[in-house]
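The values are calculated or read from the model by the stated rules, or taken from the named source; none is laboratory data. Source: prediction; values computed, not measured. Cβ coordinates were reconstructed from backbone atoms using ideal geometry, including for glycine residues, and neighbour counts include every protein chain displayed. Accessible surface areas use protein heavy atoms only, side chains included; no ligands, DNA or RNA. Shrake-Rupley method; radii C 1.70, N 1.55, O 1.52, S 1.80 Å.
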Amino acid sequence: MMIDTILRRAMPGIFALGAAFAVATASSAAMAQEQEQYFGIPSSRVGPYSAMGTGYYGGIIDYLNYVNMKHGGVNGVKLTYDECETEYNAARTVECYQRLLNKGDQKMVVFDTLGTPGAYAVIGRMAPDNVVLAQYGYGRTDAADGRVWPWVFNAAGHYWGQIAVKMNFMAQKEGGIDKMKGKTIVHLHIDTAYGREPIPAMREIAKEWGVKLIEIAVPPPGLEQQSQWLQIRREKADWVTFWGAGSGMNSTAITTAARVGFPREKMMYVTFGGAEEDMIPAGDAAKGTYVAANAAPGKFPLIQDIEKVVYGAGKGNMQNPQRVGTVYYNRGVGAAVMWVEAMKNAQRIHNKVGKTVTGAEFRDGYEALDVTDDKLKEIGILGMSAPFKMSCAKHDGSERFRMMQWDGKQFQLLTDWVPAPNPAFIRKLIEESAEKYAKENNLPIRQCS
Amino acid sequence: MFYREAGQFRTSYAADSQLLPLRQDRVGMAIILLLAVAVVPFVANDYWLSAILIPWLILALVATGQNILMGYAGQLSLGSAGFMAVGAFACYNLILRIDGIPFLLALFLSGICAALVGIVFGLPSLRIRGLYLAVATLASQFFIVWALDKFGWFKNYDPAGVITAQPIIMFGHNFASPREKYWVVLLIVAALTLAAKNMARGSTGRAWMAVRDMDVAAEVMGLSLLRTKLQAFAISSFYCGVGGALFAFAYLQTVEPSAFTIDLSFRILFMVIIGGLGTILGSFLGAGFILLMPVFLNVFFHKAFGKAVDATITSALEQVIFGVLIIVFLIFEPLGFARLWQLTKERLRLWPFRH
């Protein structure tokens, strides 16, 4: 009797629930009809490196949304994404990688850790899992050798190319390479793999030029640098190449340099420390600091269009829309442009236009990237990213950087895209290092050509 | 009702001093182990195995090591991540430099290396106590990471300072898939946990606890403080070292000093405090909480709010909630999860009758 009453009373509810469920499954089935391409976003939005993470991944997400809203996806394939918080921590990055790897029946095709520690932690999983590791100007440098690292790319330059460009810029300022003899360069770096990454190339160049190279490490998080800067004064350094991470460390370097009276016009910042968020906290002291850029800041036509289309519709990812067009944001857009272009290539090569591509197909598309000036203009980022072309063996892209200088309010671009002065030399270093790695780990060396 | 021990008589010393005196506990443990060995690896997917279960087991092992030192022997130490680094690098170098060394032997020896380092850094414990000792052990953390960074030999002169861990090869088989790695980790963690439990309830453990509760009294009763304290440091560091080697080889697959920062040391300390000082079970529960709660919150927030709420806000919120949970938990149950489980057991014994 009682059960009867309960059942009778609950009947409408059960029916309603059932109906709702049926509608939901039907609509999701209808949605599955539409082709989708899934991307995993391992963002780092909290902690000392949050300025980097929010800007970079914000740029990526905005561009994916932009492609969906403006062009209806890539040849009709909608771009979807899932996010996971890594806190810029290698262990959490591994967790995120595994979490993002599969979504429903879709598999992630590309991973971008925005950080060397995370890249090193997942780099071995790329080949077995068929995922592309797209290192946008960071990460393992010798992965630029596609014979040993088929799944890893370094499309926006790497640290060895960057240090060569910077040292060349110094030589220009000093009046030629022959004038560099006897000069002292201090490499002030955060004491991690990322901070040490440029050192092999730097040592070689310094030896060749007769430059005295002093390496000084700052333990993370690098908020205290007094003794290091006093040492720099003592050594009478002519130039400082600064390899920091996180806006706290980066702005501390400037303020401490100002306190000990080291000229900021002799300091050169790395790409991952040279953004507005790193300069502004240092105030007027930052004026004159040089920065190398692999994505230039500014409101390029594409960025303006993203503002119009995505932010106009209230769908922007940046909490502070003022940051659209800054260094980190544009770098994220540049990275996402590469993903989308690679996906277009993959669809074309494998005859799957209008269809979802797999990791292996995506990899082929990424390797076939040939971004010319015309192409950049068509996308609307001419001047923001460097033109580049990749091949089976050559997995580093442009190897070109723009030098810029902080004027107290914004960055002034000083040069156009400059290549490393002696690319064959850097290439030789990369191949030696990659071959050594392949030998140690019994990896096959792919035949290219 | 569920935990009634009526009718279970212990008629011999052996029965009285066995590991799990209650039949319910024995049956429960057997079921858990059976599930962990034979069911979980086939039910869980790669994500669960390689991103959740493996790091959880490894960190539980490290937390057990920390618990031996802090919970049982009462020596406040902050260097556990440093000892993990010693283990990881020792294992890497042993496999690299000694041709054909079995993985298990390398793992054991890396634990021994960590134990030796632990003894050296445990020496100050003979003269200083409490918080002062924590500060002294902090030095080990910084010194070890600095030394590994400074001397290229440890890293085989790799320019980036990040080394790829060698594959785990035992009995001619490469344990590469998450499932195989899980078995390796489970086996080692289970064996070492059993050993820890045994030590804790035997004379070794009682000596530690005597030193913890009042070292002067323990000395008067004839315990050698030198021996007991250094033993605790050595065994604790051994656990941390093995854990560190597993962390590098079975989880991260890279060996780098910056993975073993002071941050990790603190997290291990929190695992022990939240889990319950001086309990083995607490190490597992605490490791689970500290490791998995942020992940759970992250998954939950992304599932619940999706893209409707700014991800920067949810990421910050997760940290706030995690912090609040810790505070609330410590207010309501300062003795940790292990105590909570004990209370639950007592309740279950009476349930559903109140008296």
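Under the definition of Cα pairs under 8 Å and six or more residues apart, what whole-number percent is the relative contact order of segment B:62-149? Kindly include the intermediate steps, with their values, before the conclusion.
Numbers: 78 pairs, mean separation 36.4, N = 88.
Value for segment B:62-149: 41 percent.
Tell me, what HN-Hα J-couplings in whole Hz come from the Karplus equation 6.51 cos²θ - 1.76 cosθ + 1.60 at θ = phi - 60° for each residue of segment A:247-252, using x for Gly and Pro?
Result, rounded to whole Hz: 5, x, 5, 5, 6, 4.
What length, rounded to one decimal in nm, is gained on full extension from A:R348 through to A:F425, with 0.36 nm per residue of separation minus their alpha-carbon distance?
On the way: separation 77, 0.36 × 77 = 27.72 nm, distance 3.49 nm.
Extra length available between A:R348 and A:F425 comes to 24.2 nm.
Simple spin-label model, 7 Å along Cα-to-Cβ: B:F332 to A:C448 in nm?
5.9 nm
Could you sort B:323-333, A:169-179 so that the peptide with the highest average Cβ count within 10 Å comes first and the rest follow in order?
Numbers: B:323-333: 11.7, A:169-179: 15.2.
Answer by packing, highest mean first, reads A:169-179, B:323-333.
Could you work out the relative contact order of chain B, using alpha carbon pairs under 8 angstrom and six or more residues apart, expressed as a whole percent?
Values: 501 pairs, mean separation 108.7, N = 355.
With pairs under 8 Å counted, the relative contact order is 31 percent.
Would you kindly find the accessible area of B:E219, with a 1.4 Å probe and non-protein molecules such as ligands, DNA and RNA excluded, rounding to the nearest 10 Å²?
The accessible area of B:E219 comes to roughly 100 Å².
Given 20 Å bins starting at zero, what is the percent of C-alpha pairs of chain B in each, up to the one with the largest pair distance?
Reading the bins upward from 0: 27, 57, 15, 0.
Please label the shape of chain A as rounded, prolate or oblate, based on the square roots a ≥ b ≥ c of the eigenvalues of the alpha-carbon gyration tensor (a/c under 1.5 means rounded; beyond that, a/b larger than b/c means prolate, else oblate).
Working: a/c = 2.04, a/b = 1.70, b/c = 1.20.
The shape class here is prolate.
Considering the Cα trace of segment A:208-247, what is its radius of gyration and what is Dmax, both in angstroms?
For segment A:208-247, the Cα-based Rg and Dmax read 11.5, 34 Å.
What cysteines in the protein assembly as shown have no other cysteine with a beta carbon less than 4.7 Å from their beta carbon?
Cys with no partner Cβ under 4.7 Å: B:C91, B:C113, B:C240.
Leaving out ligands and nucleic acids, note down the accessible area per residue over the protein assembly as shown with a 1.4 angstrom probe, in whole Å².
Numbers: 34380 Å² over 804 residues.
Value for the protein assembly as shown: 43 Å² per residue.
Considering only A:H71, A:Q98, A:Q162, whose Cα is most displaced toward the positive end of the charge dipole of segment A:55-184, charges sitting on Cβ of Lys, Arg (+1) and Asp, Glu (-1)?
A:Q162
Hey, for a label at B:F322 modelled as a point 7 Å past Cα toward Cβ, could you say which residues of segment B:242-264 have their backbone N under 18 Å away?
B:252, B:259-264
Can you give me the relative contact order of chain A as a percent, contacts being Cα pairs under 8 Å and 6 or more apart?
Details: 867 pairs, mean separation 85.7, N = 449.
With pairs under 8 Å counted, the relative contact order is 19 percent.
Using a/c under 1.5 as the rounded threshold, could you call segment B:1-150 rounded, prolate or oblate? The axes a ≥ b ≥ c are square roots of the C-alpha gyration tensor eigenvalues, and prolate needs a/b larger than b/c, oblate otherwise. Working shown, then result.
Working: a/c = 2.29, a/b = 1.42, b/c = 1.62.
In terms of gyration-tensor shape, oblate.
Testing the spin-label approximation: label points 7 Å from Cα along Cα→Cβ at B:V120 and A:Q226. State their distance in nm.
Output for this residue pair reads 3.0 nm.
Could you tell me the extents of segment A:301-449's C-alpha atoms along the three principal axes, largest first, rounded to whole Å?
51, 43, 29
Students often forget the sequence filter, so: which aspartates and glutamates lie under 12 Å Cα-Cα from A:K377 once same-chain residues fewer than 8 apart are removed?
A:K377 reaches no qualifying aspartates and glutamates.
Under 5 Å between amide hydrogens, which residues at least 5 positions from A:G139 or on another chain qualify, with H placed 1.01 Å from N in the peptide plane?
Amide H neighbours of A:G139, under 5 Å, 5+ apart: A:T116.
Considering only DSSP beta bridges where both residues belong to the protein assembly as shown, give the percentage that are antiparallel (nearest 5).
Details: 19 of 50 bridges.
Close to 40 percent.
Between B:T344 and A:D407, what is the spin-label point distance in nm, taking each point 7 Å from the Cα along the Cα→C-beta axis?
In this crude spin-label approximation the distance works out to 6.5 nm.
Explain nothing, just compute: Karplus ³J(HN,Hα) = 6.51 cos²θ - 1.76 cosθ + 1.60, θ = phi - 60°, for every residue of segment B:44-54 in order, whole Hz, x for Gly and Pro.
6, 8, 4, 4, 5, 5, 8, 9, 10, 5, 4
What are the lysines whose alpha-carbon lies under 22 Å from the alpha-carbon of B:K303, with same-chain residues fewer than 8 places away excluded?
A:K78, A:K103, A:K107, A:K315
Leaving out ligands, DNA and RNA, and with a 1.4 Å probe, what % of the accessible surface on the protein assembly as shown is carbon or sulfur?
Values: 21410 of 34380 Å².
Roughly 62 percent, rounded to a whole number.
Between beta-carbons, use under 12 Å as the cut-off and find the net charge around A:L213, counting Lys and Arg +1, Asp and Glu -1. Intermediate results must be reported in sequence, preceding the final value.
On the way: positive: A:K183, A:R203, A:K207, A:K212; negative: A:E204, A:E208, A:E215, A:E235, A:D238.
Neighbour charge sum, excluding A:L213 itself: -1.
In square nanometres, what is one fourth of the surface area of the convex hull spanned by the alpha carbons of the protein assembly as shown? Walk me through the intermediate numbers first.
On the way: hull surface 164.3 nm².
For the protein assembly as shown, the mean projected area of the Cα convex hull comes to 41.1 nm².
List the aspartates and glutamates whose Cα lies under 14 Å from the Cα of A:K179, skipping any in the same chain that are fewer than 8 positions away.
Within the straight-line limit of under 14 Å, A:K179 reaches these aspartates and glutamates: A:E208, A:D238.
Using alpha carbons only, how many degrees (0 to 90, rounded to 10) separate the axis of helix A:159-174 from the longest principal axis of chain A?
On a 0 to 90 degree scale, this one is about 40.
Arranged from highest to lowest average of other beta-carbon atoms within 10 Å per residue, in what order do the peptides B:7-13, A:436-442, B:178-184, A:239-245 appear? Spell out each step's value before the answer.
Details: B:7-13: 8.3, A:436-442: 13.6, B:178-184: 19.1, A:239-245: 26.1.
Ranking, from highest mean packing down: A:239-245, B:178-184, A:436-442, B:7-13.
With θ set to phi - 60° and the Karplus curve 6.51 cos²θ - 1.76 cosθ + 1.60, what are the ³J(HN,Hα) couplings of segment A:59-66 in order, to the nearest whole Hz, using x for Gly and Pro?
Going residue by residue, I get x, 4, 5, 4, 5, 4, 5, 4 Hz, with x marking Gly and Pro.
Computed on protein heavy atoms with a 1.4 Å probe, what is the summed buried accessible area for the chain pair A and B, in Å² to the nearest 100?
Its buried surface, counting both partners, is about 2900 Å².
Please report, for the Cα atoms of segment A:268-355, the Rg to one decimal and the Dmax as a whole number; what are they, in angstrom?
16.6, 55
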